[in-house]
Structures are given as C-alpha cells and as structure tokens.
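Bear in mind that the values in this text are calculations on the coordinates, not laboratory data. This structure is a prediction, so every number in the text was calculated from the model and none was measured. When we count neighbours, we look across all protein chains shown, and the Cβ atoms used for this are built from the backbone with ideal geometry, even at glycine.
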Amino acid sequence: MTENFEINGRIYTFESEQELKIDFYLEKKEGDISYFKVRFDFCEALLPKTVSLSYKMPAVDVYNLWDPMTRVHYLGFGKQPTHSRLSGGMPIKQLISKSGKNRYLITVSDVKSPLCISAGASERNGMMHVQIDFFTGITGPFDKYEATVRIDERDILFDDAILEAREWFSELGYRASVAPEKAKEPMYSTWYSLWQTMTAKEVLRECKQAVKLGMKTVIIDDGWQKAVGGRVYEFVGDWTPEKRRFGDLEKLTPKLHAMGLNVMLWFSMAFIGFKAKNYKRFEGKYLREHPEGNYAVLDPRYKEVRDFLIETYVDAVKRYDLDGLKLDFIDRFSSNGKIEEGMDFASVEDATEQLLKDITEALNAIKPNMLIEFRQPYFGPVISSYGNMIRVWDCPLDSVVNKNATINLRLTSSSCAVHSDMMYWSEEDTPENVAVQLWGTMFSVPQISNIYSKTTPEQREVLKNYLDFWMAHKDTLMNGKLNVKLEGYGYGYATAKSDEEKIALAISTPICDATDGCAKTYMVNLTDSENVILKAEKGSYIEVLDCRGKRVGGKKRVRTSLNEIYVPLGARLCVTKE
C-alpha cells in the first residue's frame, strides 16, 4: 500500500507491504525545529514488515553527510543508510554545509526498534532523497506503534546541533551514565598485545610498565578463559580460567591491585560455545547458532538466561575482586522472529534492556561505580544509560578511523567516558608516526595495547610524553567545550576549551588561533606542513615541544600578531599570554 501526506508543500510518502492505518502530522514547530508524529495501527498484534517514509528536498548548500557510525564522512550518491536499534547505532543523520553549519538534522524518538535513516544525492534533479525505514529487523509483536521525527534546520554549527539532538534523547528518558573518575584514566588492554594466548606472567610483566607510564586500569581481554586459538568461541559460556596457561585469577588480581591498578575482565555476553558445559543447559533457549564460530547466541527473553548471565558476572566480581567488566557482542541479541512458551518478553530489544538494567543494579550493589565498558556499534542512548565507558570499535593501526570515531562518540555519548580503540604500533615505526596515532585520539580516554619490550626507547618517550600531557590536561580534554571541523572525509581540526586553556588538534589546517581569551593555548600538529601560522597577541610567549617532549628551539616572545612557527609532525605548540 502507498499513502501520501502533504505538509507545508512537501509530499511525504509511506509504503508498506501490509495493510495498516497511518497517521502523520506536524505536531509542533519551535523556530526551525519541527516535530512530526508518526502513528501506525495494524489492527492486530503482529511482527510488522518494513514501513518506509520517503520524501525529497532541494540540495542547497549541502557539502557533507554525518552519522554516528560513519568511519569516513562524505556525501554519496543514492541513499546512504544509518542503521539503529537498541543494541546498535542511534537514529540520527545530518546534512552539513561547506562552512560546517547544520543544514538538516533528522532524529527519531524510537531508539529501540530496528530502523534505518537514509539520505543521499539524486543523480539528475538536484534533490536530496531522505527515507526512514521502520522495522528493518524483526521486532514486536504489537498492534500499534508511535514515534516522533525531529527535524532541525537551524543555521548553527553542525556539532552543536548534534549535541542538542543527543540532549533531546536525554529529555525522552535516555540519560547517559555519569562516568566515575576511574573511567577517565588511561588504561592498558591485553587484546592486541597479548591476544587469546596470553599468560598471567605476561599480564603482570606488561602491567608493571603500564603503571610506570601512568595507566590506572588493566582490561584483561579474551583469552583468560578456557579457549582455543584462532578466535573460535567453542568453550565460552563456562567462564573458568585457563589453568595451564593463565593460572588462577584469584591470585592474579591481588597482585594487580597491589600495583595500584583497577582490574576489568572481558565477557562475551551473547555466546555459549558448543563445547561449553553450559551448552546443553540452554538448548531451546538460543536465538540462533553459528557453526563457523562453534557457538550459539543466547535468547534474553528467557528469565533463566538473564539470571544466568547476571549470576555469572556477580560471581566473577566477588570471586576475583573485580573493578569492572568489558561486556562484548551485545549486538548479537537480535530477534529470530519466533515466540515460544516460557518467555517473559516477546521483544528481544525489551529483554536486552531489562538484562542491562539488572546487571548494572546487581554489580553496583557489590561495588558502587563499577566500570562497565561497551563499544561501537553498541553505543546508543539505551546502552549508554547502563555502560559508563564507550569505546571505539576495533580499528587496529587505523589512526584515521580511531580519530574520527572518538569524536563521533564524544558528540553522541553525553556523560559517558569515551575511550579510544586500543593503540599499538610496530617496533620499526618512527616516533612521529606513533605520535600521530596517540594525539589523534586525545579527546578520548587512551587505551594502550602495546608490548613494552617491543617498544623502542624513542617510542616509549613518545608514549610517556603523550600520557603525561593527557593526564595534566584531562579535565579540558574530556570536559571542555568540544568543537570540530569536517574537512574532506574526516575531522580536520578540533578544539577543547575550558575557562583557562584551549587545546587544538590540527589534522589538515596548520593554523593556531590564540586570540580567543584563554591564558594558554596548545596546538598539536598532525598536518603535512611543519610551518604553523600562529595568530597571537603581541608579547605572548611561545614554546615548541617535539613528539618526545623535547624542546625545539628556545622559549621566545612573538613581536607580531601573525607568525610562522616551525612545529614538526607530532609536536605541540604552547602559547602563553603575558
């Protein structure tokens, strides 16, 4: 069926394979922000098929397209999709002008149901095509559905519009967790460095060095439990330490605590391996099976499944005296379209939210401010209500994606602590290239996953220089006002600003503006140019430190308001007003 609605001269078209009653109207308008109400009546409870809303709009001053899942940003031909559901992504999409202004930002109030927002350029008529596909995955059953579509057409900075859209989700009841201070301190992760074959001896060895560098938490990732090599999950679900290789966690965690480290442990929430003792226990309570990975996906609509997961985490926290958990693969909780007796939820999305709520309450009852890490793609408004750490998805050695994704998460995660993907590098790489990877993620909490013995002395200097600066300026970097510029396919310039200082990251534009009232301005140069144009008040003092923290030239005063300063790759310029 097809049904059209004309509102303020624009035609909105709904299409569906099933018969239903559709109500669509402009509910209210606040300046250049419009709120449209969408209502569907299916007349009976069912698993709805996709219902699409589409329309066209003139492509006026549209230069780029943004969504929170994009690794590189560009305005593509055809409809570029943004997928969203409770455990993956969020329903927000934006068109941006050449000058970095918001042109059209669309958000949908339904952050749980599977849906997709698409936008893209037409090949021949100078129009942008916009489409919202409701129910892109199995959801329900229900007989009625309602959502609000919020359209922001204000001529404001694009990042400010995104931050306000995230605040709208908060007003709808999806307030992000407030991260404790320990979630905002550098962390060491065993994933890239020690992988699934790690030993307790190796963990202790690396953590001794991590502490010296200022890291405050260790995340013991996949590999501590009984497993086999090759990223096969056939034993997950019993969650017993690998005694022969890894030893006893009850003896390891006190040693790590004695070093001054918080300890977090990895769990794959959704998986039970075919060779796990618990596999038989949950037969008939799986969403699907994956023979290629030798595991099945638990169905959280069964209370027995949720209780098992909660008891597993509570037992681990108590038994090993843990300070946090890294909970992985939440996005695998997706409906299979079947509803069976014994379930206390029909919707997988609702059951997943209940599971997260119960886990958070149970863990914080043991230790307040328990660290809980989730990562992309599961980072949306519901997930961030329960996790207080949100990490960039795996992008090993990819400094561009790590940089872009940390900023995406900063714009959309509210009070959660945003973490970089774990950073590591080749022993043969230059100090400058190591610096590019580290500084590119400075607006997030650093996670490091390098083997210290395979790090050159020069690389160690770079890492220490970065972590020392990050810790000294953590409040500005994490809590200051963040503003960014999209240039090309990613972020070309970014600043965090507090009352006392401004810290800038230059990726494509070698310009440092120190004339906006701050007593101190820092700029890290990651551009292709070693000559930075500095705008500063006459008489200001400047200093340049290279990527290892060593002074380049001497400290000096500038005599003019516009200066060309030598700042090599990975170095930082400090400007202090007289």
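The aspartates and glutamates within cross-link reach of K520, meaning a Cα-to-Cα straight distance under 13 Å and a gap of 8 or more places when in the same chain, are D499, E500, E501, E537, E543, E578. Ranking T70, I11, Q447 by Cα position along the charge dipole of the chain, where only Lys, Arg, Asp and Glu carry charges on their C-beta atoms, puts Q447 farthest toward the positive end. Taking N as the residue count of the range 1-150, its C-alpha radius of gyration divided by 2.2 N^0.38 Å amounts to 1.04. The fraction of Cα-Cα pairs per 10 angstrom bin, counted from 0 for the chain, comes to 3, 16, 25, 24, 19, 9, 3, 0 percent, rounded to whole percents. Backbone N atoms of the range 94-135 closer than 16 Å to the 7 Å Cα→Cβ label point of K37 belong to residues 109-110. Excluding same-chain neighbours fewer than eight residues apart, the aspartates and glutamates reachable from K184 by a Cα-Cα span under 18 Å are D323, E373, D421, D468, D475.
Between K535 and K464, the FRET efficiency from the beta-carbon distance, with R0 = 25 Å, is close to 0.20.
Extent along the principal axes, Cα only, for the range 419-578: 46, 31, 31 Å, with the longest axis given first. Approximating the spin labels as points 7 Å out from Cα along Cα→Cβ, the E428-to-I156 distance works out to 5.1 nm. Relative contact order of the range 111-158, taken over Cα pairs closer than 8 Å and 6 or more residues apart, is 33 percent.
Enclosing the Cα atoms of the range 176-266 in their convex hull gives a volume equal to 116 cubic angstrom per residue.
Over all pairs of different C-alpha atoms in the range 1-61, the reciprocal of the mean inverse distance, the Kirkwood hydrodynamic radius, equals 13.3 Å. A full extension of the chain between D238 and F77 corresponds to an added length of 53.2 nm, given 0.36 nm per residue minus the alpha carbon distance. Using C-alpha pairs under 8 Å with a sequence gap of at least 6, the mean separation divided by the residue count of the chain gives a relative contact order of 11 percent. Multiplying the residue separation of E304 and I22 by 0.36 nm and subtracting their alpha-carbon distance yields 97.7 nm. Taking only the Cα atoms of the range 329-383, the ratio Rg/Rh comes out at 1.02, with Rh defined as the Kirkwood radius.
Here the peptides 168-180, 87-99, 515-527 are ranked by packing, the mean other Cβ count within 10 Å, and the order with the highest first is 87-99, 515-527, 168-180.
Since only F135, S99, G173 are under comparison, the one whose Cα sits farthest along the positive direction of the charge dipole of the range 55-204, derived from C-beta charges on Lys, Arg, Asp and Glu, is F135. Using the Cβ-Cβ distance between E171 and I11 with R0 = 45 Å, the FRET efficiency computed as 1/(1 + (r/R0)^6) comes to roughly 0.90. Measuring nothing but how far apart in sequence close Cα pairs (under 8 Å, 6+ apart) lie, relative to its length, the range 171-220 scores a relative contact order of 52 percent. Spin-label model, T50 to D315: label points 7 Å out along the Cα-to-beta-carbon direction sit 4.3 nm apart. Each peptide among 559-569, 407-417 gets the average number of other Cβ atoms lying within 10 Å of its residues, and from highest to lowest they stand as 407-417, 559-569.
Shape class of the range 383-443 from the Cα gyration tensor (axes a ≥ b ≥ c, square roots of the eigenvalues): prolate, since a/c reaches 1.5 or more and a/b is larger than b/c. Other residues lying with their Cβ under 11 Å from the Cβ of T136 contribute a combined charge of +1, Lys and Arg counting +1, Asp and Glu -1.
Each 5 Å bin from 0 upward holds the following percent of the Cα-Cα pairs of the range 272-348: 3, 14, 23, 24, 19, 12, 5, 1.
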